[in-house]
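One structure is given here, and the rest of the page talks about it.
What follows is calculated from the coordinates using simple rules that are stated; it is not laboratory data. Since the structure is predicted, the reported quantities are computational estimates derived from the model, not experimental observations. Here the Cβ is made from the backbone with ideal geometry for all residues, glycine too, and neighbour counts use every protein chain on show.
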Amino acid sequence: MTPYLEIGGDYREVVPGIYMIDLPLPFSLGIVNVYLVRLEAGYLLIDTGMQTDACFDALARALEGLAVDWPDIRRILLTHIHPDHIGLAARLLPLTGAPLDLHRADDELLAHITNSDLHRDWQQEILTTAGVAPEMRALVHSALFEVQQSFERLIPSRLLCGGETIPVAHGLLEVIWTPGHSPGHVCLYDRERRVLISGDHILQHISPNIGWQPGHDALGEFLSSLDRIAALDVDLILPSHGAPFTGHREWVRKTHEHHAERCARILELIDGGASTAHLIAEKLWNRHLTPFHYRFAIFEVLAHLEYLERRGAVHADRTGQAYLWTRG
Ligand SMILES: [Zn+2]
Ligand SMILES: [Zn+2]
C-alpha cells in the first residue's frame with residue numbers, strides 16, 4: 001500500500017447541508033472536491049472523482065464519517081464529463097441505485113469519446129489541420145489512449161438543458177448551463193443563500209482550459225457563460241479544485257482580460273509569421289510540453305483562432321493539409 005491511498009476523504013460542511021469532500025487525483029491538480037448535498041430524504045452527490053480505488057476508498061471513508069450509506073445517495077449529478085468528475089459514476093450508480101443527471105451536450109460528447117475509433121480519427125484529423133507533425137501526432141495518441149480508457153458510456157436518467165431546479169433540504173439548486181470548459185458544463189446555484197457550486201468553470205488560481213470542438217465557438221461560449229455568472233449575486237464559490245472563495249466578479253474580469261491578452265498575443269505571432277496552430281502554440285508556451293499538455297495547448301490555440309475568425313480578426317486558408325492563418 002502506498003501512502004497515496006490514504007490521501008483524501010476529508011470532509012466538512014461548508015454551508016448547512018452542503019458537505020465538501022476531498023478526493024485524491026493522480027496528477028497535478030492534486031484534489032477534486034465533490035459535494036454531498038442533503039435532500040429532504042437522502043443526499044445528492046455532485047461529481048464522483050476519478051475511476052481509481054484511491055478515490056473510491058476516500059469517498060467511502062468520508063461517507064462512513066458522515067454516517068451516510070451508499071443507498072442514501074438518491075441522485076448523482078455530474079458538472080461535466082472530465083475523468084476527475086465522472087470517473088466513479090459507473091461504479092456508484094449500481095451501488096447507490098441513484099438516477100444520473102448530465103447535461104445533454106456532455107452526454108453527446110461522452111458518446112463520441114467512448115466510440116474510440118471515431119474519436120481517435122477525429123483527433124488525428126484536427127492535429128493534422130493544426131500543422132502537427134506525424135511523430136507528435138503519434139505521441140499525443142498514445143498519451144491520450146490511457147485517459148480515453150477511463151471514460152465509460154453512461155446512460156443518464158435525466159438530460160439537463162439548464163434552468164432546472166433541484167429541491168434540496170435547505171431550498172433550491174438551480175442548474176446553470178455554463179459551456180466553454182466542456183460543452184455541457186453546469187454550475188449549481190443556491191439563489192437564496194448566494195452560493196455557487198462552480199465545477200471547473202471558476203477555479204480560483206487556475207484559468208480553466210477551453211474544450212474546443214470544430215464548429216464551436218467554445219471560447220465565446222465560455223466568456224458569455226462567465227458573464228451569466230457575473231450577473232448573479234454570489235457570496236461563496238464552491239469549486240471542484242481548491243478551497244471555497246469569494247469575489248466571482250473580479251475573477252470574471254481578470255479571466256476576460258487573460259483571454260483578451262492571449263488573443264492579442266496570437267495576432268502578434270501571426271503577424272510574425274506563425275501560420276499554423278502548432279507554430280503559434282510553440283511560441284506561446286515557449287517550453288517543452290509533454291504530449292498530453294501539448295494536445296491541450298493546441299486545442300486552446302484552436303479555441304482562440306475560432307473566436308478570432310468569427311469576429312473577423314483572422315482568416316484560415318483551408319486548402320492544404322494544414323490550415324494557414326493570416327490576419328482577416
Ligand atoms: Zn474539467
Ligand atoms: Zn476538474
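Observations
- Using alpha-carbon coordinates, inclination of helix 218-230 to the longest axis of the chain, degrees: 40 degrees
- With Cα atoms as the point set, the range 14-78 shows a radius of gyration and Dmax of 11.5, 37 Å.
- Listed peptides 202-209, 277-284, 140-147 by packing density, highest first (mean Cβ within 10 Å): 277-284, 202-209, 140-147
- Protection proxy ranking of 175-182, 239-246 - average other beta-carbon atoms within 10 Å, highest first: 175-182, 239-246
- Taking the convex hull of Cα positions in the range 107-167, its mean projected area over all directions (nm²): 5.8 nm²
- Compared with the dominant Cα axis of the chain, that is its longest principal axis, helix 134-149 is turned about 10°.
- Tail beyond 38 Å, pair distance distribution of the chain (Cα, percent): 16 percent
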